[in-house]
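Below: one structure, written as structure tokens.
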Amino acid sequence: MAAEEHGEGLAFHPMDQFIVRPLFGEGDVGVFTITNATLWMALSVLAIALLFIVGTRGRAIIPTRVQSIAELAYGFIHKMVEDVAGKEALTFFPYIFTVFLFIVFSNFLGLLPMAFTPTSHIAVTAVLAIGVFLTVTIVGFAKNGAGFLSLFWVSSAPLPLRPILALIEIISYFVRPVSHSIRLAGNMMAGHAVIKVFAAFAPLVLISTIGIAVTPLSIVAITAMYGLEILVAFIQAYVFTILTCVYLKDALHPHH
Amino acid sequence: MSAETAAEHGAAAAHGAEAASSGGMPQLDFATFPNQIFWLVVALVVLYFILSRVALPRIGSVLAERTGTITNDIAAAETYKQQAAEAEAAYHKALDDARAAAAKVVEESRAEIQKELDVAIAKADAEIAARTAESEARIGEIRDSAAEAVTTVAKDTTKEILGVFGVKADARSVTSSVTARLKGGAA
């Protein structure tokens, strides 16, 4: 109802920021078209390269500030992999670190005004999650053979319950990539959309006298949401990574 | 309320085909999926090679080197500390030795001086004794000669007196009588 009242003045397009469009010219988005998604993925890669190659160029024993940040990130994920998934999981450290850095940089660069957030797209997060799922499944069977199936056979449960539990375990196993990907994309999309909705209320002061109250409120709300989004941007990257480690642990040690 | 409306609007549009237009969910525009997936895979592969070939070995070696340096430095510090303790012990030992040597030198010098002193005292005592003896001898001599002189004087005086009185006394009797008198007088 309120929307109809000043609907002609305020433009609500909270989802427009997620549209994938060609960067040069108009037209359809083909497989190899350079799009805004391409640009922001490239910027993430570039930022990571800057931090991890240019920043660590000095190989200093006493690190510079930038090198400290790179080392901090390295230590953070290295410790996470080792603590959660065990020492032998460190083989996968480069892979997990790649995933973590891509997500965390996409999330943070996506918080820049006018930016595009690749990780808000289910297509992107699904590929990441399916990659993890396939890796974990292949590693599980390669390391344990058929013994990997004991992951679904809860030997500590009473025998009659085990087939039912096995069914539940199998379903939960296959739901993993779904929740893994939707969690990340959903969080990124929701926050950005909410900020956009609040932003749409901000120019109300130009249209109506109610705006005197609504405009400052919406600006405060945008600021608060932005702070929350900074938190979410890191936490979701962290959650995605630590879940990857947990799944990897299951693959390496399937016995409950 | 507006958010609700927008969400409804969005949901409605999402069900429509090719939701690329405003209001739909661009996430469900399957036409862009191949593009996103292709570029994502490119980005991830590039990133993986950057990290696994360059960045991670570099950081790993820097961290290992730092750990090594710190361990070495701590070990070196331990060695230096040990050396400092040893040096201190050596210093104290040298100090004690020096004190002992000094004390010994002092003792030796004192003993030597004492010895010299004793010798000098003994020598002085001997000299004093010798001089005393000599003096006593001379005093004795002087006393003897004085007594002799007295006797002679007494004899001569007696002779003279006797001569004055007109008595011619022989020398022998005078001498014996004077000697007897002197002895008696002395006694």
### Task
Could you list, in sequence order, all residues of segment A:136-165 that are of a type outside the set (A, V, I, L, M, F, W, C) and closer than 17 Å to residue A:179 by Cβ?
A:137
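Only one of B:75, B:43 is facing another protein chain (nearest Cβ under 8 Å), at pLDDT 95 or above and either closer than 30 Å to residue A:13 by Cβ or surrounded by fewer than 13 Cβ atoms within 10 Å (Cβ to Cβ) (or both). Can you tell me which? Steps first, answer last, please.
Details: B:75 fails: facing another protein chain (nearest Cβ under 8 Å).
Going through B:75, B:43 in turn, just one is facing another protein chain (nearest Cβ under 8 Å), at pLDDT 95 or above and either closer than 30 Å to residue A:13 by Cβ or surrounded by fewer than 13 Cβ atoms within 10 Å (Cβ to Cβ) (or both): B:43.
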### Query
From the list B:119, B:174, B:150, which residue is within 60 Å of the chain's Cα centre (by Cα) and surrounded by 10 or more Cβ atoms within 10 Å (Cβ to Cβ)?
B:119
#### Entry: Residues (surrounded by fewer than 20 Cβ atoms within 10 Å (Cβ to Cβ) and in contact (Cβ under 8 Å) with a residue 40 or more places away in the chain) located in segment A:211-231
A:226, A:230
### Query
residue B:55 versus (1) open to solvent by 50 Å² or more (accessible area, probe 1.4 Å); (2) within 30 Å of residue A:73 (Cα to Cα): which is the lone unmet condition?
(1)
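What about residue A:249, is it in contact (Cβ under 8 Å) with a residue 40 or more places away in the chain, part of a helix (DSSP H, G or I) and either out of contact with any Phe, Trp or Tyr (no Cβ under 9 Å at 6 or more places or on another chain) or loosely packed, with under 14 Cβ neighbours inside 10 Å (or both)?
Numbers: in contact (Cβ under 8 Å) with a residue 40 or more places away in the chain: yes; part of a helix (DSSP H, G or I): yes; either out of contact with any Phe, Trp or Tyr (no Cβ under 9 Å at 6 or more places or on another chain) or loosely packed, with under 14 Cβ neighbours inside 10 Å (or both): yes.
Yes.
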### Message
Report every pair of residues separated by at least 6 positions or lying on different chains whose Cβ atoms are under 8 Å apart, first residue within segment B:140-164 and charged (D, E, K, R), second open to solvent by less than 50 Å² (accessible area, probe 1.4 Å).
### Response
B:155/B:174; B:155/B:175; B:155/B:178; B:159/B:169; B:159/B:174
### Message
Being touching a residue at least 24 places away in the same chain (Cβ under 8 Å) and among the small types (Gly, Ala, Ser) is the filter here; which residues of segment A:125-150 pass it?
### Response
A:126, A:129, A:131, A:140, A:147, A:150
#### Entry: Selected residue (criterion: surrounded by the fewest Cβ atoms within 10 Å (Cβ to Cβ)) from residues of segment A:192-209 that are of a type in the set (A, V, I, L, M) and without any contact (Cβ under 8 Å) to a residue 40 or more places away in the chain
A:205
### Query
Restricting attention to segment A:60-79, does a residue exist that is open to solvent by 20 Å² or more (accessible area, probe 1.4 Å), touching a Phe, Trp or Tyr at 6+ places or on another chain (Cβ under 7 Å), at the interface with another protein chain (Cβ under 10 Å from one of its Cβ atoms) and not small (Gly, Ala, Ser)?
yes
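Are there helices (runs of 4 or more DSSP H) fully within segment A:1-105 with at least 3 residues that are under 30 Å from residue A:207 (Cα atoms) and free of Cβ contacts under 8 Å to residues at least 12 places away in the same chain? List them. Outline the logic, then answer.
Details: elements: A:2-5, A:36-49, A:65-85.
In segment A:1-105, the matching helices (runs of 4 or more DSSP H) lie at A:2-5.
Tell me which residues, restricted to segment A:151-164, are over 29 Å from residue A:185 (Cα atoms) and in contact (Cβ under 8 Å) with a residue 60 or more places away in the chain.
Here is the first cut: in segment A:151-164, the residues over 29 Å from residue A:185 (Cα atoms) are A:153-164.
Residues satisfying the conditions are A:154, A:155, A:156.
The values are calculated or read from the model by the stated rules, or taken from the named source; none is laboratory data. Please read all numbers here as calculations on a predicted model, not as lab measurements. Positions of Cβ are generated from backbone atoms using ideal geometry, with glycine treated the same way; all protein chains shown enter the neighbour counts. Side chains included, ligands, DNA and RNA excluded: accessible areas come from the protein's heavy atoms. Shrake-Rupley method; radii C 1.70, N 1.55, O 1.52, S 1.80 Å.
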